[in-house]
Each structure stands twice: as C-alpha cells, then as structure tokens.
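A.B. asks: The following block contains the structure, expressed as structure tokens.
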Amino acid sequence: MVELLFATARACAYPGCSIPLVFIDADHRVREVAVQIAHIRSPKPGGPRYDPDFPADKLNSEENLLLLCGVHH
C-alpha cells in the first residue's frame with residue numbers, strides 16, 4: 001500500500017503545496033522522506049472527518065490515504 005501511495009504522488013497532496021515527497025542531498029548522497037501518511041476519514045471516533053458509516057476494511061486502503069507534508073498534516 002505505501003509503495004502505491006509513493007508511486008502515484010510527487011508532492012504533498014494539499015492543494016497548492018509543492019513540497020516534494022523526498023529531499024535529495026546530492027553532496028551527502030542522502031535521501032529523506034519529507035511527508036506523512038494521513039487518513040482522509042479518521043479511523044477513530046471523534047477524529048477529523050470520522051465517518052461511522054465508512055467501511056472499517058477500507059480505512060487503510062489507497063482510497064482513504066494520502067501523503068501530506070508536516071505543515072499540512
């Protein structure tokens with residue numbers, strides 16, 4: 001699942017944000033993942049956008065996950 005999220009996105013999913021998913025420091029040959037996996041519908045009651053009617057088996061599916069930078073998560 002995580003691989004699919006990274007394969008289909010290049011930057012933060014927040015509209016207008018262009019922060020890349022991975023920063024590359026060519027001088028030190030280091031790559032750093034700069035995003036967080038976020039739920040669209042919260043898996044927890046009382047959480048943001050919680051929907052008691054959303055199927056529990058889809059909470060961690062591609063259709064309910066997106067990648068956000070730290071600012072927008």
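A.B. asks: When the residues of the stretch 48-62 are filtered to those that are surrounded by 11 or more Cβ atoms within 10 Å (Cβ to Cβ) and charged (D, E, K, R), which remaining residue is farthest from the chain's Cα centre (by Cα)?
C.D. replies: The qualifying residue farthest from the chain's Cα centre (by Cα) is Asp51.
A.B. asks: For the stretch 18-32, which residues satisfy the criterion of being at pLDDT 80 or above, hydrophobic (A, V, I, L, M, F, W, C) and not in a loop (DSSP other than H, G, I, E, B)?
C.D. replies: If the condition is that a residue be at pLDDT 80 or above, hydrophobic (A, V, I, L, M, F, W, C) and not in a loop (DSSP other than H, G, I, E, B), then Val22, Phe23, Ile24 are the ones that fit.
A.B. asks: Here is a further query. Name, by its number, the condition in (1) of a type outside the set (Gly, Ala, Ser); (2) open to solvent by 50 Å² or more (accessible area, probe 1.4 Å); (3) touching a residue at least 24 places away in the same chain (Cβ under 8 Å); (4) not in a helix (DSSP H, G or I) that does not hold for Leu67.
C.D. replies: With (1) of a type outside the set (Gly, Ala, Ser); (2) open to solvent by 50 Å² or more (accessible area, probe 1.4 Å); (3) touching a residue at least 24 places away in the same chain (Cβ under 8 Å); (4) not in a helix (DSSP H, G or I) applied to Leu67, the lone miss is (2).
A.B. asks: From the list Val30, Val35, exactly one residue is exposed (fewer than 15 other Cβ atoms within 10 Å of the Cβ) and of a type in the set (Val, Ile, Thr). Which is it? I'd like the intermediate steps shown before the answer.
C.D. replies: Values: Val35 fails: exposed (fewer than 15 other Cβ atoms within 10 Å of the Cβ).
Exactly one of Val30, Val35 is exposed (fewer than 15 other Cβ atoms within 10 Å of the Cβ) and of a type in the set (Val, Ile, Thr), namely Val30.
A.B. asks: So His73 passes all but one of these: (1) over 10 Å from the mean Cα position of the chain (by Cα); (2) in contact (Cβ under 8 Å) with a residue 12 or more places away in the chain; (3) assigned to a loop (DSSP other than H, G, I, E, B). Which condition number does it fail?
C.D. replies: That leaves (1) as the condition not met.
A.B. asks: Looking at Pro15, Pro43, can you tell me which residue is in a loop (DSSP other than H, G, I, E, B) and either over 16 Å from Gly70 (Cα atoms) or among the basic types (Lys, Arg) (or both)? Please lay out each step first, then the result.
C.D. replies: Numbers: Pro15 fails: either over 16 Å from Gly70 (Cα atoms) or among the basic types (Lys, Arg) (or both).
Answer to the selection: Pro43.
A.B. asks: Mind checking whether some residue in the stretch 41-52 is under 22 Å from Glu3 (Cβ atoms) and among the acidic types (Asp, Glu)? First the steps, then the outcome.
C.D. replies: Here is the first cut: in the stretch 41-52, the ones under 22 Å from Glu3 (Cβ atoms) are 41, 43.
Then drop every residue that is not among the acidic types (Asp, Glu), which leaves none.
No, the conditions are met nowhere in the stretch 41-52.
The values are calculated or read from the model by the stated rules, or taken from the named source; none is laboratory data. Here the structure is a predicted model, which is why all the values come from computation and not from measurement. Note that each Cβ is placed from the backbone with ideal geometry, even for glycine, and that neighbours are counted across all protein chains shown. Side chains included, ligands, DNA and RNA excluded: accessible areas come from the protein's heavy atoms. Shrake-Rupley method; radii C 1.70, N 1.55, O 1.52, S 1.80 Å.
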